[in-house]
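The values are calculated or read from the model by the stated rules, or taken from the named source; none is laboratory data. The structure displayed is predicted, hence computed values, not measured ones. Every residue, glycine as well, gets a Cβ built from its backbone with ideal geometry; the counts of neighbours run over all protein chains shown. Accessible surface areas use protein heavy atoms only, side chains included; no ligands, DNA or RNA. Shrake-Rupley method; radii C 1.70, N 1.55, O 1.52, S 1.80 Å.
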There are 2 protein chains.
Amino acid sequence: MRVRLDRIGTAAFRAVAEGSGGEVVVDGSPEIGGEGRGMRPMEVMLTAIASCGAMDVVHILRKQREPLESLRVEIEGDRADATPAPFTAIRIVFVANAAVDGHKLERAVSLAVEKYCSATASLDPAITVRFESRRE
Amino acid sequence: MRVRLDRIGTAAFRAVAEGSGGEVVVDGSPEIGGEGRGMRPMEVMLTAIASCGAMDVVHILRKQREPLESLRVEIEGDRADATPAPFTAIRIVFVANAAVDGHKLERAVSLAVEKYCSATASLDPAITVRFESRRE
């Protein structure tokens, strides 16, 4: 799996993935010349973790023919007050539409985060990952 | 640090970061309904790691008033052949323009990846991270 990044601004980079062809623009903090052109690197990392879980939740509920119409994922990361500033704790909330069976959603979220998600499995085990699900 | 993801396709999600306001579209594999609308989650994770290092390289070389004009980062990740499939090894190559001092580039890349990068510091220490730099 390969990604190539080219500098497109003082601290801005366009990343292109060889496999999917997908693109992401990342930008730095204003202190290093960031101009708000994209997410910061650690926000991109939270996106990887949340989306990895989300894909698995979609996959599991589709196989179970659950009427999944909407799915929102909110992810929050606490970081060490140091250099470097790795994540110390991550919380993920999965919100599905009310027609989805609550028990099946809970089970899918738990399997996704704890068993299937390759992004979570790539994290330092010292980082606490908490998750919950709800319907609305 | 917070990111919110909303489902915008079968396996596609739009992520918006609260802090920077940056957006990323992530999509799943074709097997789970992905339509090639964006990077896959693990490609997004490589993007986080590479861009984190890139920001620090830019920052260090700017402080040293090195004539950094272009910077390309190529990142490659090997994954376990299992479920989940975390990264087992990651290689990062930083390519700067020829006018940058080779020794300063090498030193900046080493500091960025090994000392400053919060994304690398959030990875499982079992993952091997190798890096190199060159000018062209």
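See the values below:
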item	result
The listed residue being under 23 Å from B:THR120 (Cα atoms), at pLDDT 95 or above, polar (S, T, N, Q) and in contact with a Pro (Cβ under 8 Å, 6 or more places away or on another chain), out of A:THR88, A:THR128, A:THR120	A:THR120
Residue ID - surrounded by the fewest Cβ atoms within 10 Å (Cβ to Cβ), chosen from residues in region A:7-26 that are closer than 28 Å to B:SER29 by Cβ and not hydrophobic (A, V, I, L, M, F, W, C)	A:GLY21
Test set (1) in a loop (DSSP other than H, G, I, E, B); (2) β-branched (Val, Ile, Thr); (3) assigned by TED's automatic domain parsing to the domain that holds B:ALA121 - B:THR10 fails condition number	(3)
Set B:GLU43, B:GLU31: member being closer than 16 Å to A:ARG2 by Cα, assigned to a helix (DSSP H, G or I), without any contact (Cβ under 8 Å) to a residue 40 or more places away in the chain and among the charged types (D, E, K, R)	B:GLU43
Out of B:GLY28, B:GLY21, sole residue that is outside the structural domain of B:ALA121 (by TED's automatic domain parsing) and at positive phi	B:GLY21
Residue among A:ARG62, A:ARG72 that alone is part of a helix (DSSP H, G or I), among the basic types (Lys, Arg) and at the interface with chain B (Cβ under 8 Å from one of its Cβ atoms)	A:ARG62
Single unsatisfied condition, A:VAL57 versus (1) facing chain B (nearest Cβ under 7 Å); (2) in contact with a helix residue (DSSP H, G or I) (Cβ under 6 Å, 6 or more places away or on another chain); (3) within 30 Å of B:ILE32 (Cα to Cα)	(1)
The listed residue being within 24 Å of B:ALA89 (Cα to Cα), open to solvent by 10 Å² or more (accessible area, probe 1.4 Å) and not in a loop (DSSP other than H, G, I, E, B), out of A:LYS115, A:LYS104	A:LYS115
Filter pass, A:ALA82 being crowded, with 24+ Cβ neighbours inside 10 Å and farther than 16 Å from A:THR128 by Cβ	no
Residues located in region A:41-72, provided they are among the hydroxyl-bearing types (Ser, Thr, Tyr) and open to solvent by 40 Å² or more (accessible area, probe 1.4 Å)	A:SER70
Selected residue (only one of A:ASP124, A:ASP81 is more than 11 Å from chain B (Cβ to nearest Cβ) and not aromatic (Phe, Trp, Tyr))	A:ASP81
Selection within region B:75-99 - outside any strand (DSSP E or B) and either in contact with a Lys or Arg (Cβ under 6 Å, 6 or more places away or on another chain) or not assigned by TED's automatic domain parsing to the domain that holds B:PHE131 (or both)	B:ALA85, B:ALA98
Residue satisfying condition, being of a type in the set (Val, Ile, Thr) and in contact (Cβ under 8 Å) with a residue 60 or more places away in the chain, within set A:VAL100, A:VAL109, A:VAL113	A:VAL113
